[in-house]
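Some notes on the structure that comes next.
The values are calculated or read from the model by the stated rules, or taken from the named source; none is laboratory data. Remember, predicted model here, so these are calculated numbers, not experimental data. Here the Cβ is made from the backbone with ideal geometry for all residues, glycine too, and neighbour counts use every protein chain on show.
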Amino acid sequence: MDPDRSANYLIITFPDHLIHMSSLYYPDYLQLDKILGAQAPESDKHGKPAHDEMLFIIIHQTYELWFKQMLHEVNSAVDIFEGDHLDDNTGDLAIAVHRLDRTHTILQVLVHQIDILETMTPLDFLDFRDMLRPASGFQSVQWKVMEARLGLKMDQRHGKAYYTSQLKPDDKAEIAKIESAPTLFELVSRWLERMPFFDPKYWPTTGAPFWTRMKELYRASLVEGEQGNAQVWETLFESGSPERRLPPAACRAALFIMLYRDEPMFHLPFELLKALLDIDEAMSTWRYRHMNMVHRMIGMRVGTGGSTGKAYLRGALESHYIFAEIADLSSFLIERRKMPALPEELKKALAFGG
C-alpha cells in the first residue's frame with residue numbers, strides 16, 4: 001500500500017453492543033448438540049453393535065423433521081382458507097399455493113431418501129431388527145396428523161381399528177382432535193362452492209344454460225363402454241351423493257377452473273388444485289416405495305409393530321388418496337376447441353382488473 005494514500009482507506013469499528021448482538025453461534029442456533037447427540041442405537045445397548053442401525057435411525061429422524069416442516073406448511077394453508085372467505089384481492093392464494101408446492105417438493109425428497117435406506121441389505125437390517133420391537137414407523141404421529149390435516153378421515157383409513165391402536169393415549173387424542181377440526185379438503189371445498197362466476201348476471205337469458213350445454217357436449221364425447229358416465233355426471237354435478245365428500249357446487253366450480261384455466265383469474269385456482277393432486281400423488285408414490293422396500297427387507301414377515309407388513313401397506317396405498325374426487329373430474333373434460341364460449345361480461349370478470 002502506498003503510505004501517501006493511506007488516508008483514503010476507512011477503518012470501520014463496531015460498537016461493543018453490536019458485536020455482542022451478532023455473537024449467535026451456528027452450532028447453538030441449530031442446537032446441534034441435541035440433534036447430533038440424539039442417536040442411541042439399541043444394538044449398542046445390547047452389546048451387539050450393528051453398523052447400519054445408525055443409518056436407520058438418522059433416516060427416520062430426518063423423515064420426522066421433514067414431517068414437521070410439511071405440517072408447518074399445511075397448517076399455514078389451512079389458516080389461510082379458514083374463515084368466511086379467502087380474499088382474492090390479496091396474495092393469500094398465491095402464498096397457499098407456494099407453501100403446498102413446497103410440501104410436494106419435500107415429499108419428493110422423502111421418496112428419494114428410500115434410495116439411501118435401501119443401501120442397507122435385508123441381512124444388515126436383521127442384525128438389529130428384533131431389538132426394535134414393538135417400535136415401528138406405524139407409530140409416527142406426525143404422519144397421521146398430516147394425513148388428517150389434509151383431509152383423510154378415519155372411515156377412509158385402511159384397517160381403521162388398528163390405525164391408532166399402538167399409539168399412546170395423548171397421541172390418539174391429538175389425532176381425534178385434528179379430525180374434528182376443519183381439514184384442508186373441507187376448506188377448499190367450501191371455497192370452491194363460493195365461486196361467484198355462476199351468478200346469473202354473467203350469463204345471457206337466451207340459449208341453453210351453460211351446464212346443460214356442457215352435459216350435451218360430454219355425452220356426445222363418450223365412446224363405447226363409457227355410456228354409464230352420463231349417470232355419473234348427474235351424480236357429481238347435479239344430485240350429489242352421500243358417498244362423496246365434494247358437493248355438486250364444488251365439483252362444478254373445480255371443473256370450470258380446469259376447463260377455463262387459461263383465463264387470468266383462474267391461473268392460481270388451477271395451480272391450487274394441481275398442488276393438491278401433486279401432494280396426493282407424491283404421498284402415494286412414497287407409500288408405494290415404502291411398500292416395496294418393506295417387502296424387500298422382511299419379505300412376508302410381520303412388521304416390528306405387529307402389522308401385516310406389505311399387505312397393510314398395499315391396502316393403505318389403495319385407500320389413502322385424499323383428493324381423489326378432484327382427480328376424478330378429469331373424466332369430464334372436453335377438448336378446448338369444443339368448449340362453450342364464455343359471455344363477454346364473464347370474460348371481463350375473469351380478466352385482471354375485470
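Pairs needed: first member in segment 242-260, free of Cβ contacts under 8 Å to residues at least 40 places away in the same chain; second member anywhere, in a loop (DSSP other than H, G, I, E, B); C-beta distance under 6 Å; at least 6 residues apart or different chains.
PRO248/GLY240
For segment 261-277, give me each residue that is of a type outside the set (Lys, Arg), assigned to a helix (DSSP H, G or I) and free of Cβ contacts under 8 Å to residues at least 12 places away in the same chain.
Listed by number, the list holds a single entry, HIS267.
Across segment 284-299, what is the number of residues that are hydrophobic (A, V, I, L, M, F, W, C) and touching a Pro at 6+ places or on another chain (Cβ under 9 Å)?
Looking only at that region, the number is 2.
Mind checking which residues of segment 144-167 are modelled with pLDDT of 90 or more and not acidic (Asp, Glu)?
Passing the criteria: LYS144, VAL145, MET146, ALA148, ARG149, LEU150, GLY151, LEU152.
Among what's in segment 299-327 and is of a type in the set (Phe, Trp, Tyr) and part of a loop (DSSP other than H, G, I, E, B), pick the residue that is modelled with the highest pLDDT.
So the residue we want is PHE323.
Applying the selection to segment 145-163, what residues are farther than 19 Å from ALA324 by Cβ and either charged (D, E, K, R) or crowded, with 19+ Cβ neighbours inside 10 Å (or both)?
Correct list: VAL145 only.
Would you confirm whether or not segment 331-352 contains a residue that is modelled with pLDDT under 90 and either on the phi > 0 side of the Ramachandran plot or in contact with a Lys or Arg (Cβ under 7 Å, 6 or more places away or on another chain) (or both)?
Looking for residues that are modelled with pLDDT under 90 and either on the phi > 0 side of the Ramachandran plot or in contact with a Lys or Arg (Cβ under 7 Å, 6 or more places away or on another chain) (or both), one finds none in segment 331-352, hence no.
Could you say which residue among LYS177, LYS215 is part of a helix (DSSP H, G or I), without any contact (Cβ under 8 Å) to a residue 40 or more places away in the chain and more than 18 Å from ASN75 (Cβ to Cβ)?
LYS215
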